[in-house]
Amino acid sequence: MDPLIPHMRNVFLFAFLLCLSNFTQASEQTSPENIVYNFYKSYLKEESSDNGRFLSQYVSDELMKSINDSMMCNYDSDDSVSAEELEGKCSQKRECKQFKGRYICNWHGAWVDTDVDYFTKSQDVYPSWKASISTFDVYQKENGSSVNVILGAGSEPKVKFNVVLEKIDRKWKNTSVTEQ
């Protein structure tokens, strides 16, 4: 037998195993748990000048529409929409309720707080939230997942969320955040 054949077989086997390990590593980086962790790690950093592009990587279009429409109607809107369009969005009847001392309304199927950040359920971000992000209790199906998250440690307030993700165009996207 030609001595080159066993050598080539080993080279092909090594290349195959290397590709397999890279694929496994890539799928671990894009697991729902890692997506949620990476989202909060980046989101809690100082404000980005390209926030829209960042959010589109992690958040479903439907959830962003709900958050944006709520903000448009609850705060002074910029001039990017006409007064007629604004009136049409804001005059619709919405189911609203009190939740943990806050007022939330159903915007296109997503319960959105009227006076706090949707993803942190707070007006403030504490330093320990940036340094301590814990993800756990991951539940995953083929196209849906939920991940629990705790932000914070020590004497500062801690918050716990359940983040629901959906696989959209082969990428995990955040479709809701609820406080636990």
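Please treat every number below as a calculation from the coordinates, not as lab data. Owing to the predicted nature of the structure, the values given are computational and were not obtained by experimental measurement. Note: ideal-geometry Cβ built from the backbone for every residue, glycine included; neighbour counts use all protein chains shown.
Structure summary
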item	result
Of all residues making up region 80-122, the number that are surrounded by fewer than 12 Cβ atoms within 10 Å (Cβ to Cβ) and among the polar types (S, T, N, Q)	5
Within region 158-180, considering residues that are assigned to a loop (DSSP other than H, G, I, E, B) and on the phi < 0 side of the Ramachandran plot, the one surrounded by the fewest Cβ atoms within 10 Å (Cβ to Cβ)	180
Which numbered condition residue 155 misses (of (1) assigned to a strand (DSSP E or B); (2) exposed (fewer than 13 other Cβ atoms within 10 Å of the Cβ))	(1)
Residue list for region 127-147, restricted to those being in a strand (DSSP E or B) and more than 16 Å from residue 63 (Cβ to Cβ)	133, 134, 135, 136, 137, 138, 139, 140
Residue within region 148-170 that is of a type in the set (S, T, N, Q) and either under 14 Å from residue 59 (Cα atoms) or touching a helix residue (DSSP H, G or I) at 6+ places or on another chain (Cβ under 8 Å) (or both) present	no
So residue 67, is it under 21 Å from residue 51 (Cβ atoms) and surrounded by 12 or more Cβ atoms within 10 Å (Cβ to Cβ)	yes
Hits in region 128-160 - residues which are within 15 Å of residue 34 (Cα to Cα) and either among the aromatic types (Phe, Trp, Tyr) or touching a His at 6+ places or on another chain (Cβ under 7 Å) (or both)	136, 139
